Protein chains: 2
Amino acid sequence: MKKLMNSPADFVDEMLEGLTAANPSLVRGGETGRVIRRADDSRNKGKVGVVSGGGSGHLPLFTGYVGKGLLDACSIGNVFEGPTVGSCIEAIQMADGGKGVLRLYGNYGGDRMNFDMAGEMLEDEIRTTTVLGTDDIASAGPEERKKRRGVAGIIYAYKTAGAFAETGADLDAVTAVAQKTVDRTRTIGVALSPCQVPGSDKPSFILAENEIEMGMGIHGEPGIWRDTLRSADAIADEMIDRLLNDRPEGAGNRASILVNSLGATPLEELFILYRRARARVQAEGIEVVQPLVGHYATSMEMAGASISLLFLDDEIGPLLASPCECPFWTVR
Amino acid sequence: MKKLMNSPADFVDEMLEGLTAANPSLVRGGETGRVIRRADDSRNKGKVGVVSGGGSGHLPLFTGYVGKGLLDACSIGNVFEGPTVGSCIEAIQMADGGKGVLRLYGNYGGDRMNFDMAGEMLEDEIRTTTVLGTDDIASAGPEERKKRRGVAGIIYAYKTAGAFAETGADLDAVTAVAQKTVDRTRTIGVALSPCQVPGSDKPSFILAENEIEMGMGIHGEPGIWRDTLRSADAIADEMIDRLLNDRPEGAGNRASILVNSLGATPLEELFILYRRARARVQAEGIEVVQPLVGHYATSMEMAGASISLLFLDDEIGPLLASPCECPFWTVR
């Protein structure tokens, strides 16, 4: 699998160098060099900080969502590896405005361990809380929802928690909004072809020429089934069926749909999927608001897509609609 | 090559259905159903209209750039095929606000023939002018610049012509700005892997496992050389060298850089390329302003990237910086 890169060892740092050079609203900081913070320096604003972090290889996730009304800072690991404790500490410190910091990241063992340790090491200095993204319905059953992995749907929690923090809400309230958003978000992905970690000599998994995998994770974690490619409508139908069957209590009748490319899948195919997903959700009597279709959480050059639903209520609906600004997601 | 689609015959119409459903600022119209216009209906504004068009398979190009300060309407053909005369006529009519319409599209035979015919058929009704995108330096030498193909760099002309039209400038002035922008834009692409037209049983070209092609066009048109993959810096260096060697007279010392994914190439790799491209351009004493890094003009799932330079002057610099709004490019 061909990549436009130099030494694999420099992949992440060179990527961050380019990302920040192209986007002056993002500033790279910390002794580790593995933290991105807002250029407008939210530390001085006396608001709750919202921090995320995760492995590289998922742009715009995670660092791309640093900006007003979203994240204040983000720690970043090597490709498909969690961020170090040091970078998590630095990210929390950079996001701290004296009102505490929400740690909001995907449910992966390495990320949890390092963010937990960072929180403990800072506990005399900065009050922190934790909300884990657990939106991937393919990764565990509904009775084990807390064990699910976090995937693309976490951006909805960035949005609502970030918007609420901007209003001056306190840490417990911001944390509750993030948790409620995660609780009301459901995602499932489908992979068509693999990706390859820079420096590795083989792809992270193999799919046969006409094979797809339903429910695969964003690092190639096993999904629900592997079988032959079928029509976009059949795939969208199964994904929407699974999402709706898993809908949260009190889901209500308004939802946002996120149709996300895992990397190589082009916009054309995403719009074909979205067209069907929207029709199916509407047919359930659910109003579709603020759809997102594009590259929001990728696995480098993996082909495939994920569909997420966020079931809105009167609290998180307005927070989703309120202004935010980062290089990859702007709401006015 | 696996695609998320239904019948290949429905690929374009289903894509347009999803595109417009997800983006209410874009309205699909005309008897052909192959025109996208601004929802805010620029026909009533008494300004010069700016129209483009081209084959499908390049999103966000061409239809994605319909919006305030950019295109007023766009005709769209089948995948990698020019738009029909009928859709070109409809697009021109929809963009007409009584001050004439600029036809601004890439230099391809089919597109030229149909846009020319549409202009002739409307000549008693609507005054039109033509500017052709000719930014691909790999497709003909500097002495035959008018024969070059139009690729990603055409979006710069959308931006400046669209911005100038919004100021109330007349058709000749808008046309001159578009032509000047094309004259000051240079692009070169590199392909790492092919794409495949929906319904076709084979990719549009074949590259060996470790082979790349410098200068390949966005439909797989032959490039300058085909050889083994090299480092991102070596590739960026060659692309920037070629662009700078071809720089227009009076290029000046300010430029925008566009690093564009041809489809499958992820953001991480684009930022690695951008980092080097920017350093090389700066080393020439050229200030880099308003960089663009992302998916701006694709060839479906083709892997690879293009780099464009727009050399600014005191007229087009402010037009590039002025506000615009479409689903894929917002300037405030």
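Among the candidates B:42, B:56, which residue alone is among the hydroxyl-bearing types (Ser, Thr, Tyr), crowded, with 22+ Cβ neighbours inside 10 Å, modelled with pLDDT under 95 and closer than 30 Å to residue A:287 by Cβ?
Answer to the selection: B:42.
For segment A:278-288, which positions are among the β-branched types (Val, Ile, Thr) and within 11 Å of chain B (Cβ to nearest Cβ)?
Of everything in segment A:278-288, just one residue is among the β-branched types (Val, Ile, Thr) and within 11 Å of chain B (Cβ to nearest Cβ), namely A:288.
So residue B:262 ticks every box in (1) at the interface with chain A (Cβ under 7 Å from one of its Cβ atoms); (2) under 22 Å from residue A:11 (Cβ atoms) but one. Which box is left unticked?
(1)
Show the residue pairs meeting these rules: Cβ distance below 9 Å; 6+ apart or different chains; first residue within segment B:258-277 and among the basic types (Lys, Arg); second residue not in a helix (DSSP H, G or I).
The qualifying pairs are B:276/A:6.
Please give the number of the condition residue B:96 fails out of (1) buried (at least 24 other Cβ atoms within 10 Å of the Cβ); (2) under 15 Å from residue B:37 (Cα atoms).
Here residue B:96 clears every test but (1).
I want to confirm something. Restricting to segment B:220-247 and keeping residues that are among the acidic types (Asp, Glu) and within 14 Å of chain A (Cβ to nearest Cβ), which single residue is surrounded by the fewest Cβ atoms within 10 Å (Cβ to Cβ)?
B:227
Using the structure shown, decide if residue B:275 is farther than 22 Å from residue A:265 by Cα, more than 10 Å from chain A (Cβ to nearest Cβ) and basic (Lys, Arg).
Considered against the rule, which asks whether it is farther than 22 Å from residue A:265 by Cα, more than 10 Å from chain A (Cβ to nearest Cβ) and basic (Lys, Arg), residue B:275 comes out as no.
Rundown of residues vs (1) assigned by TED's automatic domain parsing to the domain that holds residue A:247; (2) in contact with a helix residue (DSSP H, G or I) (Cβ under 9 Å, 6 or more places away or on another chain); (3) of a type outside the set (D, E, K, R); (4) at pLDDT below 95, yes/no style:
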| position | (1), (2), (3), (4) |
| --- | --- |
| A:269 | yes, yes, no, no |
| A:272 | yes, yes, yes, no |
| A:282 | yes, no, yes, no |
| A:292 | yes, yes, yes, no |
| A:297 | yes, yes, yes, no |
| A:301 | yes, yes, no, no |
| A:315 | yes, yes, no, no |
| A:327 | no, yes, yes, no |
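Filter segment A:294-332 down to the residues that are farther than 20 Å from residue B:261 by Cβ and either among the polar types (S, T, N, Q) or in contact with an Asp or Glu (Cβ under 6 Å, 6 or more places away or on another chain) (or both), then identify the one that is surrounded by the fewest Cβ atoms within 10 Å (Cβ to Cβ).
Out of the qualifying residues, it is A:322.
How many residues are out of contact with any His (no Cβ under 9 Å at 6 or more places or on another chain) and more than 7 Å from chain A (Cβ to nearest Cβ) when one looks only at segment B:295-310?
Selection size over segment B:295-310: 8.
Hey, residue B:256 hits all of (1) under 17 Å from the mean Cα position of the chain (by Cα); (2) within 9 Å of chain A (Cβ to nearest Cβ) but one; which does it fall short on?
Looking at each condition in turn, residue B:256 falls short on (2).
Regarding residue A:92, is this residue assigned to a helix (DSSP H, G or I), in contact (Cβ under 8 Å) with a residue 40 or more places away in the chain, under 22 Å from the mean Cα position of the chain (by Cα) and away from every other protein chain (no Cβ under 11 Å)?
Here the answer is yes, as residue A:92 does meet what is asked.
Conditions first: (1) in contact with a strand residue (DSSP E or B) (Cβ under 8 Å, 6 or more places away or on another chain); (2) more than 9 Å from chain B (Cβ to nearest Cβ); (3) within 21 Å of residue A:181 (Cα to Cα); (4) not small (Gly, Ala, Ser). Residue A:292 passes all but one, so which condition is the exception?
The failed condition is (2).
Which members of segment A:60-75 meet the condition of being within 13 Å of the chain's Cα centre (by Cα) and surrounded by 24 or more Cβ atoms within 10 Å (Cβ to Cβ)?
A:61, A:62, A:63, A:64, A:65, A:66, A:70, A:71, A:74
The values are calculated or read from the model by the stated rules, or taken from the named source; none is laboratory data. None of these values were measured; they are calculated from a predicted model. Every residue, glycine among them, receives a Cβ derived from its backbone with ideal geometry; neighbour counts consider all protein chains shown.
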